[in-house]
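Below is one structure, written out as structure tokens; the observations come after it.
The values are calculated or read from the model by the stated rules, or taken from the named source; none is laboratory data. Every value quoted in this text rests on a predicted model; they were computed, and no experiment measured them. Counting neighbours? That spans all protein chains shown, and the Cβs are built from the backbone with ideal geometry, glycine included. Areas reflect the complete protein model, heavy atoms only, side chains present, ligands, DNA and RNA absent. Shrake-Rupley method; radii C 1.70, N 1.55, O 1.52, S 1.80 Å.
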Amino acid sequence: MRSAPSYAGLSFEGQQKSALEVARNRLMVAVLLFFAAFAVMMVRTVELGLSTPEETQVAARHIVVPPVTFSRADIRDRNGEVLATNLESASLYANPQEIKDPHEAAVKLVSVLQDLSLADVEAKLSSGRHFVWLKRKLSPREKWQVNALGIPAFYFQREEERVYPHGRLAAHALGFVDVDGNGLGGVERYFNDRLADKTMTDQPIRLSLDTRVQYALTDELEAAMSAHQAIGAAGLVMDVNTGEVIAMVSLPDFDPNSIGGSAGKERFNRVTQGVYELGSTFKTFTFAAALDKGVATLNDGYDATKPLHIARFTIRDDHPKARYMSLPEIFAYSSNIGTAQMALDLGTERQQEFLSEIGLLQPSTIELPEVGAPLYPQTWRKVSTMTISYGHGIAVSPLQLASGISAMVNGGRLNAATVVENPDAWRTGKQVISQSTSRKIRQLLRLAVTKGTGGRADAVGYRIGGKTGTAEKAVAGGYDTRALISSFVGVYPMDDPRYVVFALLDEPRGTKETFGFRAGGWVAAPVVKNVVLRTAPLLGVAPKREDDGLYHQVAMMIEKD
Amino acid sequence: MRRLFTILAAITAILAGAAVLQLKLAVQERADEVKALANKIHADREAIRVLEAEWAYLTTPRSLQDKSIRFLALMPPTAEQILEEPTTIPFRPRGVEAEEDPGVLLPAKDREEKNLKPKREKGTSL
């Protein structure tokens, strides 16, 4: 501004001067405008700095936590306990091109991983290739030790390992996977696509099993199996109202973590795959059919004085009373003669229809690949009707039996057995017998324990009802009288049934404690009793004084002699 | 006057620039912190999976039973010990002393004996 007059005075005159003046004034306007704008911004900045904002404004920021991804979903039990999970592990490989002294490297490596053979490793390391696997699925400790060797040519590949933290527990229901993580048995195989579905690996499958009950059943069956030197055992706990399997045990069992060492015999699931002639437990179905169709009432009876002869067979009683017996007596004392006569009154067709309706003639629909088909005669003769009425001549899996028994006691609704948690399953049930027949069956089952052959299953306070079953094993050309299948199917509490407990021993031997007996009432019933005593508190069934009035009327009809 | 104004403007500009830079660095630092936290959360979640599996392994009912038999004086409950309704327990009469609680641990002597011979007792004693 100071130089302006001197310019004017020197050379610019008239119009030129005024043009310069105008330009300068315009510039000043622009400067002032800018200055004003900056002033506003400064004032605003000071104001922002001094004032305390009423609420802190945070820019919306998307924080991304990298998701934990695994290639296979977990399997959990009904309480959320981990049954199968994928954990990270490392596999060791090497680039032999980078190794200068294969022998030294091999010696070092074998000193850490002692299960590898020195010659093998050395051959691999001196092969001159670019890539050789050395060992798959190292434990974290092994990985650390290999790293500590400090050999630069060893590398790790991140891999996943399927881990079953409970080991052998529930191995048959869970199944197992191969080294690449494909399900090869049990739930792992049945739900393989679902478990490996990339979009659902963070959602575990919830099974209906309860780890605690599973263990109690395993423990008791193991004890009974070793006490009676049996070659195998099977057990099942099922919710009668939903068909959910709470525990499923098949012995001998295997460890799904190291599947390599197990034989086919151990992987065989006796509960779903094995079919057995289960003996007298079948009488429950014959009684239910006869009572439901009105063929007999609880006040009827049959003559069981002497064995029945039919074709080349003779039907005898294991606990012969040699007299006329009432229906409750036939059930409680497990009379084959009486039951066979009742089956004749029922008729072959109706028996067949009934057994088919409660799913004993079709393979179970449980979510496991290992399901055995029941065995029964192609042509159902009169003698078949009679023997099937007490469980001979028909072989079904323990699972089918438990489903059938559930339907007999829960008010007559048949639910498909399931290993997946499904508390709403009762909605899809199908009515197979009437409520009142179901009530009668409950009374009969309870009395078979209090007065009949199942006495050793009576767990004080838990109102168990049940039926023993003893059958000779079928061998080529007949039956082997020395080899028995002894079983017991129990239901509790009988006034409002909640759970079916089934135990089976394959070829048990008598002991001093059982006075040499090896029938279901002696060897399998105590297992059921112990399991109920151990698990009823876990399952929320409280012990209670029994209402004798429920059974009074039927009990009067059983004579002790 | 004009020079003073220019200097002031320059200083203001430099100060403002420095403040903005500082702010940017602070934000950067926070962002790094958030990222580190996110990574830590990820690592923790993976560790939780491992720990869950380990917990399941260590508390598998079989090992719990073994430890209970070895260290505890607890016995399986009988039906009489289980009550559905706590109100059915009567009040203690006046003047009656409660028995001393024996505790749940096995006496040290028994425990040593059992440790010497860790033979597993079967659950059938129930």
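Things to note:
- Residue in segment A:501-514 that is among the hydrophobic types (A, V, I, L, M, F, W, C) and more than 16 Å from A:GLU222 (Cα to Cα) present: no
- Matching option when the condition is of a type in the set (Val, Ile, Thr) and in contact with a Lys or Arg (Cβ under 6 Å, 6 or more places away or on another chain), among A:THR339, A:THR297: A:THR339
- Residue count, segment B:16-75 (criterion: at the interface with chain A (Cβ under 9 Å from one of its Cβ atoms), touching a Gly at 6+ places or on another chain (Cβ under 9 Å) and not β-branched (Val, Ile, Thr)): 3
- Taken together, A:GLU122, A:GLU159 contain a single residue that is on the phi < 0 side of the Ramachandran plot and at pLDDT below 85, which is A:GLU159.
- Being free of Cβ contacts under 8 Å to residues at least 40 places away in the same chain, on the phi > 0 side of the Ramachandran plot and part of a loop (DSSP other than H, G, I, E, B) is a property that A:GLY516 has.
- Contact annotation: residue pairs with Cβ atoms under 8 Å, 6 or more positions apart or on different chains, pairing a residue in segment A:95-110 that is assigned to a helix (DSSP H, G or I) with a partner that is open to solvent by 80 Å² or more (accessible area, probe 1.4 Å) and not hydrophobic (A, V, I, L, M, F, W, C), are A:PRO96/A:ARG129; A:PRO96/A:HIS130; A:GLN97/A:ARG129; A:GLN97/A:HIS130; A:GLU98/A:PRO152.
- Residue ID - farthest from A:ASN422 (Cα to Cα), chosen from residues in segment A:70-86 that are within 10 Å of chain B (Cβ to nearest Cβ) and either open to solvent by 30 Å² or more (accessible area, probe 1.4 Å) or without any contact (Cβ under 8 Å) to a residue 24 or more places away in the chain (or both): A:GLU81
- Residue that is polar (S, T, N, Q), open to solvent by less than 10 Å² (accessible area, probe 1.4 Å) and within 20 Å of A:THR437 (Cα to Cα), where the choices are A:THR281, A:THR297: A:THR281
- Candidate set from segment A:425-451 (those that are in contact with a Pro (Cβ under 9 Å, 6 or more places away or on another chain) and open to solvent by 20 Å² or more (accessible area, probe 1.4 Å)); member that is farthest from A:ALA402 (Cα to Cα): A:LYS451
- Flag for A:GLY411 being open to solvent by less than 10 Å² (accessible area, probe 1.4 Å) and not in a loop (DSSP other than H, G, I, E, B): no
- Residue in segment B:63-90 that is most open to solvent (accessible area, probe 1.4 Å), counting only those that are within 30 Å of A:LYS544 (Cα to Cα) and within 23 Å of the chain's Cα centre (by Cα): B:LEU64
- Where a residue in segment A:224-237 is under 11 Å from A:ARG509 (Cβ atoms) and its partner, wherever it lies, is part of a helix (DSSP H, G or I), with Cβ under 6 Å and at least six apart: A:HIS228/A:VAL523
- Annotation for segment A:345-360: no member residue is more than 28 Å from A:GLY452 (Cβ to Cβ), crowded, with 21+ Cβ neighbours inside 10 Å and among the polar types (S, T, N, Q).
- Filter result for A:GLY128 (open to solvent by less than 60 Å² (accessible area, probe 1.4 Å), without any contact (Cβ under 8 Å) to a residue 40 or more places away in the chain and under 18 Å from A:PHE70 (Cβ atoms)): no
- There is no residue in segment A:436-450 that is within 25 Å of B:GLU80 (Cα to Cα) and not in a helix (DSSP H, G or I).
- Looking across B:SER68, B:SER63, one residue alone is hydroxyl-bearing (Ser, Thr, Tyr) and touching a Leu at 6+ places or on another chain (Cβ under 9 Å). It is B:SER68.
Yes/no matrix, rows are residues, columns are (1) more than 29 Å from A:PHE268 (Cβ to Cβ); (2) away from chain B (no Cβ under 13 Å); (3) surrounded by 23 or more Cβ atoms within 10 Å (Cβ to Cβ):
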| position | (1), (2), (3) |
| --- | --- |
| A:ASP506 | no, yes, no |
| A:GLY510 | no, yes, no |
| A:GLY521 | no, yes, yes |
| A:VAL528 | no, no, yes |
| A:VAL532 | no, no, yes |
| A:PRO537 | yes, no, no |
| A:GLY540 | yes, no, no |
| A:GLU546 | yes, no, no |
| A:LEU550 | yes, yes, no |
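- Among the residues of segment A:243-255, just one is open to solvent by 10 Å² or more (accessible area, probe 1.4 Å) and touching a strand residue (DSSP E or B) at 6+ places or on another chain (Cβ under 9 Å), namely A:PRO252.
- Where a residue in segment B:75-90 is touching a residue at least 24 places away in the same chain (Cβ under 8 Å) and its partner, wherever it lies, is assigned to a loop (DSSP other than H, G, I, E, B) and open to solvent by 90 Å² or more (accessible area, probe 1.4 Å), with Cβ under 7 Å and at least six apart: none
- Residue list for segment A:149-173, restricted to those being of a type in the set (A, V, I, L, M, F, W, C), within 14 Å of chain B (Cβ to nearest Cβ) and surrounded by fewer than 24 Cβ atoms within 10 Å (Cβ to Cβ): A:VAL163
- Which listed residue, of A:ARG446, A:ARG456, A:ARG482, A:ARG463, is more than 14 Å from chain B (Cβ to nearest Cβ) and touching a helix residue (DSSP H, G or I) at 6+ places or on another chain (Cβ under 9 Å): A:ARG446
- Where a residue in segment A:449-465 is on the phi > 0 side of the Ramachandran plot and its partner, wherever it lies, is among the basic types (Lys, Arg), with Cβ under 9 Å and at least six apart: A:GLY461/A:LYS544; A:GLY461/A:ARG545; A:ARG463/A:ARG446; A:ARG463/A:LYS544
- Long-range neighbours under 6 Å by Cβ, at least six apart or interchain, first residue under 16 Å from A:HIS62 (Cα atoms) within segment B:24-40, second surrounded by 11 or more Cβ atoms within 10 Å (Cβ to Cβ): B:ALA38/A:VAL65
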